[in-house]
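Asker: Before I ask anything, let me first share the structure, which is written out below as structure tokens.
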Amino acid sequence: MTNSLFETAKPILEKLQAHHFQAYFVGGSVRDYLMNRPIHDIDITTSATPDEIETVFDKTIPIGREHGTINVIYKGEQYEVTTFRSEGDYDDHRRPNEVFFVRNLYDDVQRRDFTMNAIAMDINYQIFDYFEGQQDIKHQLIRTVGNPDERFDEDALRIIRGLRFQSQFGFHLEEATFTAMLNHIADIKYLAIERIVVELKKLTNGDFVSKSFNNLKHFMAFKYIPFFKHYDITKFTLRNAMPFTTFVAFLISQQREIDANIADLKVSNNEKKRIKTLVQLIDQIDEVQTKSQLKLFVYDYGKKDILEVLSYLDELKRNRITSISPLIVNDQTVTEVAKQLPMLSKSEMDINGKDILEIANKKSGPWLKETLREVEYAIISGEVVNFKPELKKWVKTRV
Ligand code: ATP
Ligand code: MG
């Protein structure tokens with residue numbers, strides 16, 4: 001059995017070999033391939049040093065040169081090519097003090113986190129599996145390479161990574177691995193929040209999130225993570241896969257009295273905006289009790305976001321986040337109302353501030369914005385048609 005992504009990347013390994021270097025596929029792509037899951041990106045590990053990689057290939061980007069990673073651009077695609085390396089001591093539970101470039105594969109895979117991630121494969125699809133990774137995959141087990149206490153002591157992010165793999169694959173945590181996770185969880189407080197969030201995003205989106213979220217709670221992991229540490233996570237149940245931003249919004253909505261700063265999560269501005277929009281939407285959704293309120297609500301938040309929130313109705317109810325009026329707000333009513341909206345945004349209004357100033361014959365002021373908002377809502381609720389002469393008449397009676 002071959003795979004097109006490996007086939008496309010094969011010439012890179014062949015070229016390294018032609019220069020007398022060893023080169024293998026490794027990490028997530030080999031794991032996913034052995035699990036018959038779709039492969040998304042390919043990591044290559046090689047005995048060539050960063051300098052040597054750069055001499056072998058014409059187009060390279062030194063994205064992580066000091067850790068041994070060079071991106072090779074080949075036929076328009078980028079591939080991460082990393083020098084075999086082993087790691088020096090750790091003393092802050094997160095980063096090795098030094099990395100050493102080594103010349104053999106065994107030393108390289110030995111520093112990797114879990115047995116299923118430590119499998120290498122050559123261009124002939126021959127597998128190099130020094131830590132029984134294939135057997136663990138077969139038995140659906142997440143097990144550290146080597147002593148779990150040492151491995152989590154070195155880098156506590158591996159604990160969160162283990163739980164995100166559990167969420168993605170539904171695997172069991174091997175007993176000693178599980179115990180060591182529990183013993184070392186407090187060390188995640190030394191990690192950069194950005195690294196934790198990368199893993200949490202994959203975790204909340206996993207098909208088996210319920211299981212691993214329960215473990216996060218059992219380990220009291222959130223106590224050691226900025227932002228989340230302010231919340232009482234024991235009150236929250238997560239059964240369905242959802243985007244990280246949706247999860248955060250639900251948590252905020254559930255515990256509205258908590259005053260934590262989203263900025264502490266160090267997510268992008270877009271993600272912060274998304275979280276805030278969802279929190280507002282959820283605040284508002286309970287207020288919708290009539291058809292005309294629904295029209296304004298759909299106009300303000302848009303069908304797409306409302307339907308997305310409604311798709312988690314079970315989760316919202318279980319967590320006592322909303323008490324939506326199901327007869328007024330449901331998939332059908334929202335879709336129906338969205339279809340009938342006379343306009344989708346205020347840019348479509350057939351009247352503007354200048355028109356209103358002329359009619360009112362008053363100096364501009366805060367009243368103008370208010371009037372425009374009133375006209376906008378009158379159009380949405382069907383009180384007046386979005387047609388300039390009609391709108392002018394309507395405004396005349398108000399100002
Ligand atoms: P994904 O499919 O989500 O990319 P992945 O296993 O490829 O999963 P990456 O974060 O891309 O995860 O890391 C690539 C490989 O690097 C891993 O498979 C593992 O071998 C190694 N690795 C990554 N992070 C660590 C870590 N904190 N400690 C040890 N090894 C790690
Ligand atoms: Mg990867």
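Asker: Can you list the HN-Hα couplings for the range 172-189, worked out from phi with the Karplus curve (6.51, -1.76, 1.60; θ = phi - 60°), rounded to whole Hz and with x for Gly and Pro?
Answerer: Couplings: 8, 8, 4, 3, 5, 5, 4, 4, 5, 4, 4, 5, 10, 4, 4, 5, 5, 5 Hz.
Asker: Measure up Lys273/Lys388; Lys202/Lys235; Lys223/Lys276 against 26 Å on the Cα-Cα distance and list the ones that go over.
Answerer: Numbers: Lys273/Lys388 34 Å; Lys202/Lys235 22 Å; Lys223/Lys276 23 Å.
Flagged as over cut-off: Lys273/Lys388.
Asker: May I ask you to list the residues of the range 219-256 whose amide nitrogen lies under 14 Å from a point 7 Å from Cα along the Cα→beta-carbon direction of Ser311?
Answerer: 240-247
Asker: Right, something else. Once amide H atoms are built 1.01 Å from N in the peptide plane, which residues 5 or more positions from Val99, or in another chain, come under 5 Å H to H?
Answerer: Gly88
Asker: If I take every Cα pair under 8 Å that is 6 or more residues apart in the chain, average their sequence separation and divide by the length, what percent do I get for the relative contact order?
Answerer: Values: 592 pairs, mean separation 34.3, N = 399.
It comes to 9 percent, rounded to a whole number.
Asker: Related question: Just the number, please: carbon plus sulfur as a percent of the accessible area of the range 267-352, 1.4 Å probe, no ligands or DNA/RNA counted. Working shown, then result.
Answerer: Details: 2350 of 4880 Å².
C and S fraction of accessible area: 48 percent.
Asker: Sticking with this structure for a sec: Quick check: the angle from helix 244-254's long axis to the longest principal axis of the chain, C-alpha only, nearest 10 degrees?
Answerer: 50 degrees
Asker: Apply the a/c threshold of 1.5 to the C-alpha gyration tensor of the range 264-350 and tell me whether it is rounded, prolate or oblate.
Answerer: On the way: a/c = 2.26, a/b = 1.16, b/c = 1.94.
Oblate.
Asker: Continuing with this model, one more query. Which ³J(HN,Hα) values, rounded to whole Hz and listed in residue order, are derived for the range 356-370 from phi using the Karplus coefficients 6.51, -1.76 and 1.60 in 6.51 cos²θ - 1.76 cosθ + 1.60 with θ = phi - 60°, glycine and proline given as x?
Answerer: So the Karplus estimates, Gly and Pro as x, are 5, 4, 4, 5, 6, 6, 10, 6, 4, x, x, 4, 5, 4, 4 Hz.
Asker: Below 18 Å, Cα to Cα, which aspartates and glutamates can Lys229 reach? Residues fewer than 8 away in the same chain don't count.
Answerer: Lys229 reaches Asp187, Glu194, Glu199, Glu257, Asp259, Asp264.
Asker: How large is Rg over Rh for the chain, taking Rg from the Cα atoms and Rh as the Kirkwood inverse mean of 1/r across Cα pairs?
Answerer: On the way: Rg = 27.7 Å, Rh = 24.9 Å.
Reported Rg/Rh (Cα atoms, Kirkwood Rh): 1.11.
Asker: May I ask for the distance between the Cα centers of the range 137-171 and the range 270-324, given as a whole number of Å?
Answerer: For the range 137-171 versus the range 270-324, the Cα centre distance is 36 Å.
Asker: Which whole-number value in Å² is the accessible area per residue of the chain, probe 1.4 Å?
Answerer: Values: 19890 Å² over 399 residues.
It amounts to 50 Å² per residue over the chain.
Asker: Please report the antiparallel percentage of DSSP beta bridges with both residues in the range 43-123, rounded to the nearest 5.
Answerer: Numbers: 13 of 17 bridges.
Around 75 percent of the beta bridges assigned by DSSP in the range 43-123 are antiparallel ones.
Asker: Something else now. Defining a contact as two alpha carbons under 8 Å apart and six or more residues distant in sequence, what relative contact order in percent does the range 332-388 show?
Answerer: Working: 26 pairs, mean separation 24.8, N = 57.
Value for the range 332-388: 43 percent.
Asker: Using θ = phi - 60° and the Karplus relation 6.51 cos²θ - 1.76 cosθ + 1.60, list the HN-Hα couplings for the range 376-384 in order, rounded to whole Hz, with x at every Gly or Pro.
Answerer: Karplus values, whole Hz, x for Gly and Pro: 4, 5, 5, 5, 4, 7, x, 5, 9.
Asker: Rounded to the nearest 500 deg cm²/dmol, what is the calculated helix-only ellipticity per residue at 222 nm for the chain, with -39500 (n - 2.57) per DSSP H run of length n ≥ 4? Before the final figure, lay out each step's value.
Answerer: Values: 19 runs with 188 residues, N = 399.
My calculation for the chain gives -14000 deg cm²/dmol from helical runs alone.
Asker: Please list the non-local residues whose amide H lies under 5 Å from the amide H of Arg85, H modeled 1.01 Å from N, same-chain partners needing a gap of 5 or more.
Answerer: Val102, Asp108
Asker: Here's something else I'd like to know. Angle, helix 4-18 long axis vs. longest principal axis of the chain, Cα atoms, 0 to 90°, nearest 10?
Answerer: Tilt relative to the chain: about 40 degrees.
Asker: Now for a separate question. When you take every Cα atom in the range 319-368, what is the radius of gyration, and what is Dmax, the widest Cα pair distance, in Å?
Answerer: Just the Cα atoms of the range 319-368 yield Rg and Dmax of 18.5, 53 Å.
Asker: How about Lys15: which lysines have a C-alpha closer than 24 Å to its C-alpha, ignoring those fewer than 8 places off in the same chain?
Answerer: Straight-line reach from Lys15, under 24 Å: Lys59, Lys75.
The values are calculated or read from the model by the stated rules, or taken from the named source; none is laboratory data. No experiment lies behind these values; they were computed from the predicted model shown. Because the Cβ atoms are built from the backbone with ideal geometry, glycine has one as well, and the counts that use them run over all protein chains shown. For the accessible areas, the whole protein counts, side chains as well, though only heavy atoms, and no ligand, DNA or RNA atoms are used. Shrake-Rupley method; radii C 1.70, N 1.55, O 1.52, S 1.80 Å.
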